[in-house]
Amino acid sequence: MRLTRLALWIGCAVVGSAVGCSNQSGLSGTDDGGTTDARPNWYEDMAPLVASNCQSCHSDGGIAPFSMNDYEETRPWAAFMAQQVAAGIMPPWHAVETETCAPPFPFNHDARLSEEEIQAFIDWADLGAPEGDPTLAVSIPPPIDPNLKNPTATIPMQGSITVEATDTTLDFVHCLSFDLGNTENIYLDGIQVIPGNPEVAHHVLMFIDPAGASASWQDGIREDCGGGPGVADATLIGGWVPGSFPFQSPAGVGVEFPAGARMILNYHYHATGGGPEVDDSTALAVRYSAQPPEWSSFFELVGAPGVGTIQDPPFLIKAGAKDHEEVVDWFVPDFGNVDARVWAAANHMHKVGVDMQTSIIRGGEEYCLVQTPSWDFNWQRIYTYDTPIAEGFKVENGDIVRVRCTYDNTMDNPAVLEALAEVGETEPIDVEVGEGTLDEMCLVGLGVAYKPL
């Protein structure tokens, strides 16, 4: 999938769509509408499923290429919907339980359908997508809202960025500075990056610039700022990846944002190769309070190129390598006399990656935090635990965070084919760690909340 289609896939990932977002047409499960008494039918069974799982993308003005506002618009896609759901392609959810990973808690926004819901899509298509009797229509739930609820402010970017492929690179990292306008200390519990041009959005890291040094940047932009914030003494607090929901900390958890500070987005742009692309409308929505929370929060990037030690250096995935594994360990430093809990984990690789697991090693035991065994770069999330923070997974002094990544650098990997095609290559190349999409990462972002004991 080229990045010219990425906007569609990102949008559907954000809302957990249950329907494959495709630009295919003419896929029909029936030549007619079926009978009015067959079950499942549209009015009694499928309309609520489509509304709650599909219509955030598939609606007028939505990001998908076709709408599913009603029966007539949805019926032609019945067979394709059933195929996507049955194959596990939709909904796009990759943090699953495996033989080696049982996450400690359920995740928020789990987009997976139940077996009964999956079977309903299949049965509806098999029956010819019957419409049913409109007088028996059940109530329709509202679609999932992918936006930050009750933002305190939404701040637009000041200037503009032009992204265009060169002969040597498709990837560019620029830093955008935002002024939240607070004259007193505030405490953030919700942040949403609103990409101005999803076609070129690769990922974003969020930093607090406590001294407001980035206020001197012309039009609030520092180009080519590398992997950091572009200023000294900034603090990483979160990130955005394609497919992620707004960044929201658990109840009782917040991030202090000092008076006079600024927010910096370290923005990785990936050129499409189809000509210059302009981003002049990226925005930042924030929600905050003046009341200090019980728990403070920070983010730590663990792995390669984050903190940690590669078990078997150098980090190198040879051309043609299959089932290649890289492991990075980070020895948790002494936090002091605090209670520290993990509340979020965001696995991150690029196109060669196929499986990733993040765990805590303690006393010879391994506790898996999250595994994404069917990795897809276009479907990324920041996975947050659905549990009160005081009951979350506790991090202890002496723990080891272990990040294990598996790669397939062969032509059997469709994502490798896609990445090579973007730069005119026809055979796999050796891959090292780096920021570019044709480089690789083995990196997890861990959200940690803490309070003094």
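Laboratory data are not the source of any read-out in this text; all were calculated from the coordinates shown. Just so we're clear, the structure is a prediction, and the values are computed from it rather than from any experiment. Because the Cβ atoms are built from the backbone with ideal geometry, glycine has one as well, and the counts that use them run over all protein chains shown.
Here are the numbers for this structure:
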item	result
Stretch in the chain that is longest and holds no GluC sites (Glu not before Pro) that DSSP places in a loop and that have at most 10 other beta carbons within 10 Å	185-453
Exposed-site-free run, longest, the chain (rule: trypsin sites (Lys or Arg not before Pro); DSSP loop; at most 13 other C-beta within 10 Å)	150-317
Reach of K451 by Cα under 16 Å, taken over lysines that are not fewer than 8 positions away in the same chain	K394
Fully extended contour minus Cα-Cα distance, from D323 to A137, at 0.36 nm per residue	61.9 nm
Positive-end residue of N185, M90, S59, charge dipole of the chain with Cβ unit charges	N185
Separation of alpha-carbon centers, region 131-173 and region 224-245, rounded to whole Å	20
T162 paired with F298, simple spin-label distance in nm, labels 7 Å along Cα-to-beta-carbon	4.0
Positive minus negative residues near H174 (Lys, Arg vs Asp, Glu; Cβ under 10 Å)	-2
12 Å beta-carbon shell around S296, net charge (K/R +1, D/E -1)	-2
Separation in nanometres of the label points that stand 7 Å from Cα toward Cβ, at D386 and I361	3.2
Neighbour-count order for D123, D408, fewest beta carbons within 10 angstrom listed first	D123, D408
V307-N150 pseudo-label distance in nm [points 7 Å out on the Cα-to-Cβ vector]	3.3
Net charge over other residues, Cβ less than 14 angstrom from the Cβ of F105 (K, R count +1; D, E count -1)	-2
Mean ellipticity per residue at 222 nm, deg cm²/dmol - from DSSP H runs of n ≥ 4 across the chain, formula -39500 (n - 2.57)	-3000 deg cm²/dmol
Nearest 10 degrees, 0 to 90: helix 6-15 Cα axis against the chain principal axis	90
Estimated FRET transfer efficiency (D430, F331; beta-carbon r; R0 22 Å; 0.05)	0.15
Anchor K322: lysines whose Cα lies under 20 Å away (excluding residues fewer than 8 positions away in-chain)	K351
The chain: angle of helix 115-126 to the longest principal axis, Cα-based, in degrees nearest 10	40
Taking N as its residue count, the alpha carbon Rg of region 124-240 over 2.2 N^0.38 Å	1.59
Simple Cβ-charge dipole of the chain, Lys/Arg +1 and Asp/Glu -1, about Cα centre, in debye nearest 20	960
Paramagnetic label zone (point 7 Å from Cα along Cα-to-C-beta, M411; backbone N under 16 Å) in region 302-324	319-322
Among W217, L316, S114 - extreme Cα towards positive end, dipole of the chain, charges at beta-carbon	W217
Rel. contact order, % - alpha carbon contacts under 8 angstrom, at least six apart, the chain	19
